[in-house]
1. Using a 1.4 Å probe on the protein heavy atoms, what percent of the accessible area of the chain belongs to carbon and sulfur?
2. Is there a quick way to get the dipole size of the chain? I mean about its Cα centre, with the Cβ of Lys and Arg at +1 and of Asp and Glu at -1; what is the value in debye to the nearest 20?
3. How many nm is it between the label spots at K280 and E299, if each spot is 7 Å from the Cα in line with the beta carbon?
4. In whole angstrom, note down how far apart the Cα centers of the range 302-329 and the range 18-62 are.
5. Subtract the Cα-Cα distance of D244 and M111 from 0.36 nm times their separation in residues, and report this length gain in nm to one decimal.
6. Within the chain, what percent of beta bridges assigned by DSSP are antiparallel, to the nearest 5?
7. Can you list the residues, at least 5 places off or on another chain, whose amide H is less than 5 Å from the amide H of V88, using H built in the peptide plane?
8. For the chain, take the longest principal axis of its alpha carbons; what is the angle in degrees between that and the long axis of helix 275-301, to the nearest 10 within 0 to 90?
Amino acid sequence: MLDISPVAKTFATMRILSGIQPSGRLHLGNYFGMMEPAIRLQDEGEAYYFIADYHSLTSIHDPSVLRDNVRDVAIDFLACGLDPGKAVFFRQSDVPEVTELTWILSTLTPMGLLERCHSYKDKIAQGISPSHGLFAYPVLMAADILIYNSELVPVGKDQKQHIEVTRDLAQKFNDRYGEGEPLLHIPEPRIAEDSAAVPGLDGRKMSKSYNNTIGIFEDAKALKKKVMRITTDSTPMEDPKNPDDSYIIMLYQLVATADEVEEMKADFRKGGQGYGHFKKQLLDKLTEYFAPMREKRDELANNDAFVEEVLQQGAKQARIVARETLDRVRKAVGL
Ligand code: ADP
Ligand code: TRP
């Protein structure tokens, strides 16, 4: 059983925060771009991680789908190593104070700042309906970060601009209301550069909107089918192959040791083996890498009460910090 005692850290007090949207099954891009770095950081400070369900309302309009996705993300994150004894883990919407801070921040958010955000245009291009919520999404994200006095925010590359918006808004708030005192802490992003863009089956960035993902907890048959679908060139089996731009190797690097990667690269150059052979090696490594997490996932999937308890406890702790920041902000603006 996991320990869910309150976070007690005396030696490391850096506040780390990140969120993930419950918008579908998690894939290798989510794992290596955001979850794994976040999980590693839980040992380096006081980590606050949450499931961004308010954000997902911009794209999911079926309540039962939203609820199921939140449950899945909670289970997946815990199975992958988020330790509720070390990190505070909660549902964004269990701390409604964040929406009040969002409104206050939105009154000082210049329209031009939001108009420059790529993600709004990208999401509309993907077919998500253009709502005010989607447009104002970075302000909610800024409130998420600022309400917990976050210092470090581990995210994928695509979220970097949102952290810049957050920094801008915090600075604006401090300039307008701070009277020389920084009321809101200015956070730093932590971008996982080496895995900043995990390629999908077709070599484009792995993303559910490109339908090119490999799920972390894909069943064996589906996983095999997907790995076999990875795009390669048509070099014949006996010829030497170029390892430098192979998506098989890019994915293999994420789950294999440096020696294993070198060995595969050498085998590429040698020739005599087809891509199917290398895909099989990748498949075996992926299966091996996620096996312990899969086991944990099965255990958690049968223990909804425990998962719910973790989220409730997390929300209770998060809410204390959020209330304190919101009270300070309300007072500063004259409410
Ligand atoms: P998707 O592109 O599938 O919709 P999200 O936008 O929900 O994924 O991403 C959630 C988190 O996972 C973000 O922090 C994002 O940066 C990270 N992430 C998503 N896809 C990748 C990828 N291919 N490589 C690295 N990080 C990724
Ligand atoms: N926008 C992030 C994403 O789509 C999720 C998110 C919401 C987030 N609020 C956050 C990430 C605060 C970091 C910090 O991936």
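The values are calculated or read from the model by the stated rules, or taken from the named source; none is laboratory data. All figures in this text were calculated on a predicted structure; none of them were measured in a lab. When we count neighbours, we look across all protein chains shown, and the Cβ atoms used for this are built from the backbone with ideal geometry, even at glycine. The protein model used for the area step is the full one, side chains on, heavy atoms only, and it has no ligands, DNA or RNA in it. Shrake-Rupley method; radii C 1.70, N 1.55, O 1.52, S 1.80 Å.
1. Carbon with sulfur: 50 percent of the solvent-accessible area.
2. Result for the chain is approximately 660 debye, rounded to the nearest 20.
3. Calculated label separation equals 3.3 nm.
4. The two parts, judged by their Cα centres, are 16 Å apart.
5. 43.6 nm
6. 10 percent
7. A47, Y48, Y49
8. 40 degrees
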